[in-house]
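Asks: Let me begin by handing over the structure; questions about it come next.
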Amino acid sequence: SDGSIRLHQMTSEYPLMQWNDSTKGQPIIALQWALTRPAVFFALDASSNIYIWDLLENDLLPVAKESIPSEKVVTMTLLGEPEKANGLLGIVLAKESGQIDIQYVKKKWALR
C-alpha cells in the first residue's frame, strides 16, 4: 500500500532485497515477473504508472517507467511463451472503462 517492494526467498521470512518508496508512495496494484526473462519484473501503481525492473542491469531502481495517461489502469498481466526463443513479451492492461490494451515490451527486457 505504500509502494514498497520486497523480494523474498521461500526459506526465509526476511527479504533478500527491499525497495522502499519505489512508486513515490503510490500503492502497487499489480506486480509480475517477466515470463521470458528471469531477472525482470513489472509493477503497476494506482496512478497508472508501469515500472520495469531489470535486476541484472540495476538492482536499486527501475530501469524504465511508463505512464498511461489516457485512462486509469486497474490491473495488468503479462503474456509470453518462455519456451520459445523469439522473446515476445506483452503487457495486458485492463482499464477502468473495461477496455483492454496489449502492448509489446522492448526485446532488451524480454530476451534471455
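The values are calculated or read from the model by the stated rules, or taken from the named source; none is laboratory data. It should be emphasised that the depicted structure is a prediction, and the values quoted were computed from it without experimental measurement. Heads up, the Cβs are rebuilt from the backbone with ideal geometry, glycines too, and the neighbour counts pull from every protein chain shown. Remember, those area values only see protein heavy atoms, side chains included, never the ligands or the DNA or RNA. Shrake-Rupley method; radii C 1.70, N 1.55, O 1.52, S 1.80 Å.
Asks: Looking at 107, 84 in this structure, which one is surrounded by 11 or more Cβ atoms within 10 Å (Cβ to Cβ) and not aliphatic (A, V, I, L, M)?
Replies: 107
Asks: Okay, next question. Among the residues of the range 49-65, what is the count of those that are over 17 Å from residue 20 (Cα atoms) and exposed (fewer than 13 other Cβ atoms within 10 Å of the Cβ)?
Replies: 1
Asks: When you go through (1) open to solvent by 20 Å² or more (accessible area, probe 1.4 Å); (2) in contact with a Pro (Cβ under 7 Å, 6 or more places away or on another chain); (3) within 22 Å of residue 110 (Cα to Cα) one by one for residue 77, which number turns out not to apply?
Replies: Only one criterion is unmet by residue 77, namely (2).
Asks: Another question, then. Any idea which residue in the range 21-48 is most open to solvent (accessible area, probe 1.4 Å), counting only those that are farther than 23 Å from residue 106 by Cα and at pLDDT below 90?
Replies: Among those that are farther than 23 Å from residue 106 by Cα and at pLDDT below 90, it is 24.
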